[in-house]
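Data first, discussion second: the structure below is written as structure tokens.
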Amino acid sequence: MTMAKEKILIHTDGGSRGNPGPSAVGVVIEIVDGTPAAIVKEYGEYIGHATNNEAEYQAVIFALKKVKQLIGREKAGKSKVEIHVDSELLERQLNGHYKIESPKIQHLFLELWNLKVDFDDVTFKHILRDKNKEADKLVNAVLDKETNKLF
């Protein structure tokens, strides 16, 4: 009997105030393992000074690392991960449609690509911003908190 593959749906968002400026990531992870109740985890984290595009990449990197922590290496290797992003640029770069010219983004791309190998399959899908409200809300809550500390 073969074990059913775990499906993981992730919504990510990264944001920067000032571009570059104070930045944060927001991640919503839904683990669907065949049981009636999916596991949903939400994370928002301040990442320091970055551009918006760097924050978008860091959100996906954060998400893949967090999933691996949550389910372990063995389950990760059997999991299909679908990552929803509202950055069309990010999705196009990750799916090989756009060239990456920024050295910082190239570095983040390689880090992300190396994390992908720990999973059975990772796909990236562009969604409209209004379908990514929870991840966006997490980013803004963190940025509101962090930028208020500065004043």
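What the table below lists for this structure:
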{"quantity": "Residue with peak Gaussian network fluctuation, the chain [Cα springs, cutoff 10 Å], from GLU56, GLU101, GLU91", "calculated": "GLU101"}
{"quantity": "Of every Cα-Cα pair in the stretch 88-127, the percent that sits beyond 12 Å", "calculated": "61 percent"}
{"quantity": "Within a Gaussian network of the chain (alpha carbon springs, distance under 10 Å), most fluctuating of ASN19, ASN53, ASN114", "calculated": "ASN114"}
{"quantity": "Rounded if a/c under 1.5, otherwise prolate or oblate - the stretch 1-66, Cα gyration tensor axes", "calculated": "prolate"}
{"quantity": "Of GLY14, GLY72, GLY26, the one that fluctuates the most in a GNM where the chain has Cα springs shorter than 10 Å", "calculated": "GLY72"}
{"quantity": "Distance from the stretch 125-151 to the stretch 40-72 (C-alpha centre basis), Å", "calculated": "12 Å"}
{"quantity": "Area projected by the alpha carbon convex hull of the stretch 66-149, averaged over all directions, nm²", "calculated": "7.0 nm²"}
{"quantity": "Semi-axes of the equivalent ellipsoid for the stretch 43-98, Cα gyration tensor, largest first, Å", "calculated": "22, 17, 8"}
{"quantity": "Where labels lie 7 Å past Cα in the beta-carbon direction, separation of LYS149 and GLU134 in nm", "calculated": "2.6 nm"}
{"quantity": "Full-extension gain in nm, LYS80 to LYS5, via 0.36 nm per residue minus C-alpha separation", "calculated": "26.3 nm"}
{"quantity": "0 to 90° range, to nearest 10: angle between helix 52-76 axis and the chain longest Cα axis", "calculated": "30 degrees"}
{"quantity": "Kirkwood Rh in Å, taken over all unlike Cα pairs in the chain", "calculated": "15.7 Å"}
{"quantity": "With Cα atoms, 0 to 90° folded angle of helix 133-149 axis to the chain main axis", "calculated": "40 degrees"}
{"quantity": "Computed accessible area, HIS97, all protein chains, 1.4 angstrom probe, square angstrom", "calculated": "120 Å²"}
{"quantity": "DSSP beta bridge pairing in the stretch 1-137, given as percent antiparallel to the nearest 5", "calculated": "60 percent"}
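The values are calculated or read from the model by the stated rules, or taken from the named source; none is laboratory data. Everything numeric here is computed off the predicted structure, so don't read it as measured data. Don't worry about glycine lacking a Cβ; one is built from the backbone with ideal geometry, like all the others, and counts go over all protein chains shown. These area figures cover heavy atoms from the full protein model, side chains too; ligands, DNA and RNA do not enter into them. Shrake-Rupley method; radii C 1.70, N 1.55, O 1.52, S 1.80 Å.
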